[in-house]
Amino acid sequence: MDEILNALTRAASFGTPLLLASLGAIVCERSGVVNLGIEGMMALGALAGFAVAYSGSSLWFAVLAAALAGVAAALLHALVTMTFRANQFIAGLALTMLGLGVAGLLGKPYEGFPLSDTALEWPFTLGAGLLAIALYGVFFYTRAGLLLRSVGENPAAADVLGMNVALVRVLATAFGGALAGIAGAFLSLAYRPSWTDGMTVGLGWVAVALVIFTGWHPLKAVLGSLFFGVLYYLQFRLQGSVAVPTEVLAALPYILVIVVLAVIGARGQQGNAPESLGRPYRRGER
Amino acid sequence: MRFTPLLNPSRWRTLQVSSLAVIVALLIVGIVFALSGVNPLTAYWEMLRGTLLDSRGLAEVARRMIPLLLIGAGLTLAFRAQFFNIGAEGQLLFGAMAAGAVALFLPITPLTLPLMFAAGALAGGGLALLAAWLRQRFAVNEILSTLMLNYGAFYLMLYLIGGPWKGKNVRGFMYSDEFAAGAQLPMIPNTLVHYPTLVLAILLAIALQILLTRTTLGFELRVVGENSSAAKYAGLKTSSIVTIMALITGGLAGLAGVGEVAGIHHRLLEPGQISLGYGFTAVIVAWLARGNPGLTLLTAPLMAVILAGGDVLKISLNLPFRIVDVFSGVMLLCLIASEIFITNKLVWSRAVKPTGSGGAS
């Protein structure tokens with residue numbers, strides 16, 4: 001019994017950055033914007049959070065700095081894709097390269113130093129869980145949620161009704177960036193209180209997949225991230241104890257992402273995607 | 001301030017805008033240099049001095065250019081067909097593994113090297129084909145699948161060199177036995193430039209340009225990418241065209257992997273040592289070439305200078321190699337953001353014509 005409880009707690013902990021990042025991405029994508037740059041924004045958030053905490057500021061400030069770093073990167077995405085109308089997918093990819101690069105470069109002086117004042121894991125986990133419930137409420141029971149969803153489904157109609165499509169999309173993208181940044185801060189302040197280059201280990205990409213996997217639904221995202229959390233837990237738990245090579249276990253989450261996406265595709269569930277996902281909106285254009 | 005469309009942008013304009021985008025990117029990276037406490041002018045001077053103005057540096061540029069040219073030329077085709085293959089890194093590793101299998105486990109004959117290239121191309125092409133099939137059959141986004149397959153290839157290589165293919169006399173190290181002499185590519189003396197692969201890369205870039213612009217298949221590929229509904233209407237077999245494209249783009253990445261292990265390392269070793277992120281840097285090579293395989297002959301050397309320059313900065317200014325990712329990210333952002341200036345004119349007046357009169361466009 002204790003074993004199961006322990007496994008679940010660890011899984012929840014592993015799943016926390018995934019849940020935070022994918023909740024942000026759900027809000028962003030519900031407004032019609034795809035931002036594949038989560039991995040890069042997470043790395044920037046992890047570094048910003050660690051750097052601020054390391055300088056002696058309070059952990060609150062560290063988390064805030066992480067969120068702001070994510071927002072800054074997300075606004076860059078908005079600038080490139082909305083003002084300059086660049087392809088959202090490629091922009092996200094570039095943002096990942098840029099985020100990983102800048103974080104690796106500016107983080108070099110911090111590498112290998114421990115944090116004296118580390119954050120607890122559970123407030124992040126609890127916060128992420130509550131946020132999922134709150135987002136569910138906002139999406140389906142408030143006017144703001146309706147506005148967000150209609151901008152993602154049919155921006156032209158939303159525009160006609162007097163909604164500011166561009167503003168909604170910028171705010172949603174920024175929100176996604178903030179949460180990706182906080183997901184990074186969870187890694188560098190609580191989960192493994194330190195900064196190492198590449199510490200996001202592809203979690204950002206798993207979060208991108210998780211959004212599709214959970215059908216853009218915040219409550220299902222809780223289950224989805226718990227599922228991948230269990231997977232990461234098993235990977236550590238089973239190391240050396242079973243006949244399966246370590247490398248196979250390590251590759252498992254990534255391979256499973258593909259399998260899960262294929263299953264979703266086979267069942268035609270990608271119809272849940274917001275109608276205008278990834279499509280830029282210009283007034284008077286179809 | 002607004003954009004008005006230009007109907008037929010000239011090539012001259014494309015060149016102007018692209019060059020300007022690269023310059024803006026270099027300025028932005030300069031700011032990043034300054035942020036990390038390095039004088040940007042010093043950094044750029046060091047990069048230039050250590051690469052283009054130095055004979056050994058030039059050889060390093062040539063060495064880095066080989067995989068970039070192969071992968072980049074293949075990627076231009078993929079991007080033309082709207083297939084965003086981000087998995088060249090994994091396809092390169094698959095090529096390296098296939099070459100390793102031939103070199104380590106088959107008898108060495110005069111045909112060993114050609115066989116290694118063939119096996120590598122098949123392995124890399126096969127991996128890209130898997131992603132293409134997943135997209136067509138199950139609507140799996142190819143950016144995600146190819147990225148995840150990169151991780152798969154990474155761990156597979158680690159497993160092989162630490163397990164079944166681990167060398168007999170390497171003790172604690174993670175690599176395979178050395179390839180026999182008959183499975184090694186010749187190099188230009190005193191450099192790491194394995195020239196057979198270089199020649200192959202140049203020929204393939206030219207061949208792909210001819211394929212794209214002078215053959216029916218190339219025409220069909222462009223139609224599928226630019227207007228998929230028109231392609232369907234014209235009765236084109238989209239799936240077989242995408243299949244051929246995936247085999248070419250992955251196959252070239254596989255060839256790059258063969259070149260790296262047969263030309264430079266002469267054994268299989270840790271993935272991070274075989275590729276320095278060539279698969280990702282080549283995305284910029286292809287994008288900068290605006291979908292023209294032939295133009296990668298110009299853009300691959302440019303990115304090779306940046307990769308080789310990253311090495312120089314690591315040694316002379318103690319900067320982490322991640323600076324290359326900063327270059328890649330900023331350049332890609334600037335390039336995609338600049339595209340609108342090719343097809344549109346920037347108008348500064350505020351006067352806006354009433355919309356709707358033009359009808360649905």
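The values are calculated or read from the model by the stated rules, or taken from the named source; none is laboratory data. All values derive from a computational prediction rather than experimental measurement. Reconstructed Cβ throughout: ideal geometry from the backbone, glycine too, with neighbour counts over all protein chains shown.
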Checklist outcome for this item: Taking first residues from region B:1-30 that are not hydrophobic (A, V, I, L, M, F, W, C) and second residues anywhere that are not in a helix (DSSP H, G or I), the pairs with Cβ under 6 Å that are 6 or more apart or on different chains are B:Arg2/B:Val347; B:Thr4/B:Lys345; B:Thr4/B:Val347; B:Pro5/B:Asn344
Item to check | Where a residue in region A:234-252 is among the acidic types (Asp, Glu) and its partner, wherever it lies, is assigned to a loop (DSSP other than H, G, I, E, B) and surrounded by fewer than 17 Cβ atoms within 10 Å (Cβ to Cβ), with Cβ under 9 Å and at least six apart | outcome: A:Glu247/B:Gly163
Checklist entry - How about region B:266-358: which helices (runs of 4 or more DSSP H) wholly inside it have at least 2 residues that are closer than 30 Å to B:Glu178 by Cβ and out of contact with any Lys or Arg (no Cβ under 8 Å at 6 or more places or on another chain)? => result B:271-274, B:278-288, B:296-316
Next on the checklist: Residues that are assigned to a helix (DSSP H, G or I), within 14 Å of another protein chain (Cβ to nearest Cβ), of a type in the set (A, V, I, L, M) and within 17 Å of the chain's Cα centre (by Cα): does region B:26-48 have at least one?
Outcome noted: no
Checklist entry - Just checking, which of A:Gly271, A:Gly265, A:Gly284 is on the phi > 0 side of the Ramachandran plot and at pLDDT below 90? => result A:Gly284
Checklist entry - Taking into account only those residues within region B:142-169 that are among the charged types (D, E, K, R) and over 16 Å from B:Ala96 (Cβ atoms), which is farthest from the other protein chains (Cβ to nearest Cβ)? => result B:Lys168
Checklist entry - Would you say B:Gly30 is crowded, with 16+ Cβ neighbours inside 10 Å, out of contact with any Ser or Thr (no Cβ under 7 Å at 6 or more places or on another chain) and either among the aromatic types (Phe, Trp, Tyr) or modelled with pLDDT of 95 or more (or both)? => result yes
Next on the checklist: I'm trying to understand the selection: among the residues of region B:236-265, which are hydrophobic (A, V, I, L, M, F, W, C) and closer than 12 Å to B:Thr197 by Cβ?
Outcome noted: B:Leu252, B:Leu255, B:Ala256, B:Val258, B:Val261, B:Ala262, B:Ile264
Checklist entry - From the list A:Arg149, A:Arg143, which residue is without any contact (Cβ under 8 Å) to a residue 12 or more places away in the chain, out of contact with any Ser or Thr (no Cβ under 6 Å at 6 or more places or on another chain) and not hydroxyl-bearing (Ser, Thr, Tyr)? => result A:Arg143
Item to check | Among (1) in contact with a His (Cβ under 9 Å, 6 or more places away or on another chain); (2) under 27 Å from B:Asn141 (Cβ atoms) - the single one B:Gln91 does not satisfy | outcome: (1)
Checklist entry - Can you tell which of A:Val206, A:Val170, A:Val201 is at pLDDT 95 or above and not aromatic (Phe, Trp, Tyr)? => result A:Val170
Checklist entry - If you scan region B:215-252, which residues turn out to be in contact (Cβ under 8 Å) with a residue 24 or more places away in the chain, farther than 23 Å from B:Phe138 by Cα and surrounded by fewer than 16 Cβ atoms within 10 Å (Cβ to Cβ)? => result B:Leu217
Item to check | helices (runs of 4 or more DSSP H) wholly inside region B:195-254 containing at least 2 residues that are more than 28 Å from B:Gly95 (Cα to Cα) and touching a Ser or Thr at 6+ places or on another chain (Cβ under 6 Å) | outcome: none
Next on the checklist: Quick check on my filter: what residues within region B:67-91 are under 10 Å from the mean Cα position of the chain (by Cα) and part of a helix (DSSP H, G or I)?
Outcome noted: B:Pro67, B:Leu68, B:Leu69, B:Leu70, B:Ile71, B:Gly72, B:Ala73, B:Gly74, B:Leu75, B:Thr76, B:Ala88, B:Glu89
